């Protein structure tokens, strides 16, 4: 046995080594393979609204133009009636009302009468405007602080006009129709947008050429300022950046 071991053992060992190796390789080759895949938790992917990247490139709400001075008389109360006209722009749209000189005039006067009974002055801030929209016009309201471009677009895509308080001096850079370089405090209503030109489309109630007027995204976003706590219009740039929407 010793002679046999010395003579044949190395080859037998090599043989058995290769036999085991190829047997295992053949086994794993024919066996079903388990593939590791990422574990995905059951989280529903329901998109309530389009993501910014999926917004249409443009959208426009069409409605009548409500001027704050329908008879072209810029004495009081018409000089400071932009807040009322901006709110009525939305109301006329929701109620499908026709904006005639007489209907706009009376609607503004009636709203001012309500505001006077509440102790409001010529200039009212966005919170007071929301109160008027709710208590007087009968809408639910929402004020958004530090609004983004995407938020405004989302409201417009839902056919919800957006009322903004603004620094009219800033707007004057793109709207020379204002007198005296534009008002310190102004309000208007956004009705649409166009990504191809990077512009908002608005009814700027403060000029007779304000129907579907266009402001660049950057300028209009820069101009947004609510009436400051001091109620001093010259402090407009200290006012918060807020927008108002009326919901049916």
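What is the ratio of the Cα radius of gyration of region 56-247 to 2.2 N^0.38 Å, with N the residue count, to two decimals? The partial results should precede the final answer.
Values: Rg = 15.0 Å, N = 192, 2.2 N^0.38 = 16.2 Å.
In units of the globular-protein estimate, region 56-247 measures up at 0.92.
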Calculated log₁₀ intensity ratio I(q)/I(0) where the Debye formula runs over C-alpha points of region 158-248, q = 0.14, 0.16, 0.20 Å⁻¹: -0.46, -0.60, -0.93
Mean separation of Cα contacts under 8 Å (6+ apart) over length of region 56-247, as relative contact order %: 27
Cα centroid separation, region 83-136 to region 174-248 (Å): 17
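Can you pull the Rg over Rh of region 104-182, Cα-only, Kirkwood? Let's see the in-between values first.
Values: Rg = 15.0 Å, Rh = 14.9 Å.
When Rh is taken as the Kirkwood radius, the ratio is 1.01.
The numbers here are math on the coordinates, done by the rules we state, and not lab data. If you're wondering where the values come from, they're calculated on a predicted model, not measured in any experiment.
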